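**Q** Below is a structure I'd like to ask you about.
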Amino acid sequence: HGTSTVNNQGHLVIGGVDTIELAKQYGTPLYVYDVELIRSRARQFRNTFQNLGVKAQVAYASKAFSSIAMVQLAAEENLSLDVVSNGELYTALQAGFPVERIHFHGNNKSYEELVMAVENKIGCVVVDNFYELSLLQTICREHSYSMPILLRVTPGIEAHTHDYILTGQEDSKFGFDIQSGQAFEAMKQAEEAENLELLGIHCHIGSQIFETTGFKLAAEKLFATLKEWKELTGFMASVVNLGGGFGIRYTSEDDPIPVSVYVEEIIADVQQHVKNFNLEMPEIWIEPGRSLVGDAGTTIYSVGSKKEIPNVRNYLSIDGGMSDNIRPALYQAKYEGVLANRVKDEVEETVSIAGKCCESGDMLIWDLPLPRANHEDYLAVFCTGAYGYAMANNYNRITKPAVVFVENGNAQLVVKRETLEDLTRLDLPLK
Ligand code: LLP
């Protein structure tokens with residue numbers, strides 16, 4: 001997985017650092033990010049656009065994993081940044097991320113959030129609905145400011161993925177519907193608004209998508225729509241944002257195509273539409289989250305108790321679970337894992353990895369072949385870099401793990417482990 005290797009002690013090594021050393025130094029559970037892998041993914045995306053001679057912005061969807069160091073890494077790699085709340089925006093500002101490259105998403109941004117966007121003069125607001133369109137105008141007027149915006153539209157495309165993470169279809173809470181003319185109405189309002197600068201349109205069709213078909217269908221719909229709008233009003237988008245959603249390999253069941261191929265295939269299609277519809281080529285923006293950080297993250301757990309039910313199943317418990325990775329419980333997501341301290345040992349049994357939450361559904365991996373493990377062992381679960389820490393929670397008042405970045409043999413703590421004091425910090429005693 002990733003750039004991980006095994007040293008002669010049989011320990012899993014990531015970014016040149018022994019993960020067992022990390023576990024001993026920083027404790028477990030521990031998220032370990034391979035920084036080199038994140039950099040290389042970012043470069044693959046950006047270089048592909050560059051080689052194709054297409055003006056583009058690659059925005060890291062920070063919902064996948066947001067922290068100050070992560071946002072700084074995105075800035076170092078010349079990515080733009082997609083934020084979806086005041087919290088993600090705050091993190092970006094604290095990290096010193098270039099404001100002109102921040103894009104603000106969300107289907108229910110509050111007055112306060114939009115004020116924050118305007119006051120900090122961020123790159124653009126991706127306007128989702130009519131309420132936001134008028135709220136943002138009011139705020140911009142109050143601030144004598146003109147805000148660059150994109151309009152999020154729903155192209156009516158169903159990408160092939162899990163129901164919960166489907167977002168591009170017509171029946172969705174996100175964006176302006178194209179079919180019914182809402183998107184057209186929004187475009188006219190935005191064009192007329194003195195305090196809004198309409199850059200273009202955005203769509204996001206879903207997440208963990210393995211084919212380019214959905215993106216191509218979406219692109220076709222968007223460009224056909226732009227053609228229609230141009231004929232009717234003269235408006236032409238200078239930016240088309242095709243969202244994120246590029247799939248990654250969690251297990252051998254997943255078969256994603258390389259990042260560069262995604263981009264090349266989608267761009268070829270876009271250029272075809274631009275030509276057919278006789279339009280000017282707009283800037284293309286994309287918003288990958290998972291595909292930038294997903295397989296760069298590995299979680300290291302300590303193995304604890306074991307329950308063997310003869311002829312039924314063996315449960316092996318680890319010191320985390322749905323509190324640090326809710327994806328198996330929420331989406332039946334699948335993961336692969338190894339004993340991080342005995343990677344080369346022979347497989348001796350099949351165990352199911354149980355989390356420590358008081359909930360039967362808190363299972364991380366079913367039927368994992370492993371060497372016979374006990375409480376002295378460590379389990380590494382791969383591909384936890386996206387929507388792992390980001391969706392971590394304090395269920396059962398379990399503290400959130402620490403996060404470490406590794407690169408070129410060096411490790412750096414980038415998010416401290418939560419403490420018990422942190423857990424009650426906001427609590428007030430009974431009067
Ligand atoms: N842009 C927009 C507007 C989005 O809604 C999303 C993800 C992305 C970009 C980034 O998508 P990605 O490249 O990471 O697939 N919690 C779920 C995923 C939810 C994705 C939500 N939106 C999971 O753990 O699978």
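**Q** Go through the stretch 248-307 and count every residue that is among the basic types (Lys, Arg) and free of Cβ contacts under 8 Å to residues at least 60 places away in the same chain.
**A** 2
**Q** Looking at 88, 119, which is the one that is surrounded by fewer than 19 Cβ atoms within 10 Å (Cβ to Cβ) and farther than 22 Å from residue 184 by Cα?
**A** 119
**Q** Only one residue in 317, 291 is within 16 Å of the ligand (Cβ to nearest atom), under 30 Å from residue 28 (Cβ atoms) and among the small types (Gly, Ala, Ser). Which one?
**A** Details: 317 fails: within 16 Å of the ligand (Cβ to nearest atom).
The match here is 291.
**Q** Could you grab me the full set of residues in the stretch 169-210 that are touching a residue at least 60 places away in the same chain (Cβ under 8 Å) and of a type in the set (Phe, Trp, Tyr)?
**A** The answer is 174, and nothing else.
**Q** I would also like to ask the following. Consider only pairs whose beta carbons are under 9 Å apart and that are at least six residues apart or on different chains; among these, list those whose first residue lies in the stretch 222-246 and is at negative phi and whose second residue is assigned to a helix (DSSP H, G or I) and hydroxyl-bearing (Ser, Thr, Tyr).
**A** 244/291; 246/262; 246/291
**Q** With respect to the numbered conditions (1) in contact with a helix residue (DSSP H, G or I) (Cβ under 7 Å, 6 or more places away or on another chain); (2) surrounded by 15 or more Cβ atoms within 10 Å (Cβ to Cβ), which one is the sole condition not fulfilled by residue 247?
**A** Going through the list (1) in contact with a helix residue (DSSP H, G or I) (Cβ under 7 Å, 6 or more places away or on another chain); (2) surrounded by 15 or more Cβ atoms within 10 Å (Cβ to Cβ), residue 247 breaks only (1).
**Q** Just one of (1) within 22 Å of residue 422 (Cβ to Cβ); (2) of a type in the set (D, E, K, R); (3) surrounded by fewer than 16 Cβ atoms within 10 Å (Cβ to Cβ) trips up residue 345, so point out which.
**A** Of (1) within 22 Å of residue 422 (Cβ to Cβ); (2) of a type in the set (D, E, K, R); (3) surrounded by fewer than 16 Cβ atoms within 10 Å (Cβ to Cβ), only one is false for residue 345: (1).
**Q** Return only the number of the condition from (1) under 28 Å from residue 385 (Cα atoms); (2) at pLDDT 95 or above that residue 150 does not satisfy.
**A** (1)
**Q** Also, quick follow-up: Out of 16, 10, 2, 27, which single residue is within 26 Å of residue 260 (Cβ to Cβ), at pLDDT 95 or above and among the small types (Gly, Ala, Ser)?
**A** Testing whether each residue is within 26 Å of residue 260 (Cβ to Cβ), at pLDDT 95 or above and among the small types (Gly, Ala, Ser) leaves just 16.
**Q** Hey, residue 55 hits all of (1) farther than 28 Å from residue 255 by Cα; (2) in contact with a Phe, Trp or Tyr (Cβ under 7 Å, 6 or more places away or on another chain) but one; which does it fall short on?
**A** Evaluating residue 55 over (1) farther than 28 Å from residue 255 by Cα; (2) in contact with a Phe, Trp or Tyr (Cβ under 7 Å, 6 or more places away or on another chain) leaves (2) as the failure.
**Q** Here's something else I'd like to know. Inside the stretch 178-211, can you point out the residues that are within 16 Å of the ligand (Cβ to nearest atom), outside any loop (DSSP other than H, G, I, E, B) and either more than 24 Å from residue 266 (Cβ to Cβ) or at pLDDT below 95 (or both)?
**A** Those that are within 16 Å of the ligand (Cβ to nearest atom), outside any loop (DSSP other than H, G, I, E, B) and either more than 24 Å from residue 266 (Cβ to Cβ) or at pLDDT below 95 (or both): 206, 209.
**Q** Do the conditions hold for residue 165, that is, is it at pLDDT below 90 and surrounded by fewer than 22 Cβ atoms within 10 Å (Cβ to Cβ)?
**A** Judged against the criteria, residue 165 is a match.
**Q** Can you tell me how many residues within the stretch 18-55 are surrounded by 22 or more Cβ atoms within 10 Å (Cβ to Cβ) and either basic (Lys, Arg) or in a strand (DSSP E or B) (or both)?
**A** Result for the stretch 18-55: 6.
**Q** Give me the residue from the stretch 212-241 that is within 16 Å of the ligand (Cβ to nearest atom) and crowded, with 22+ Cβ neighbours inside 10 Å and, out of that set, nearest to residue 191 (Cα to Cα).
**A** 240
The values are calculated or read from the model by the stated rules, or taken from the named source; none is laboratory data. The shown structure was predicted, so the numbers you read here are calculated from the model rather than taken from an experiment. For neighbour counting, all protein chains shown are included, and Cβ atoms are generated from backbone atoms with ideal geometry for every residue, glycine included.
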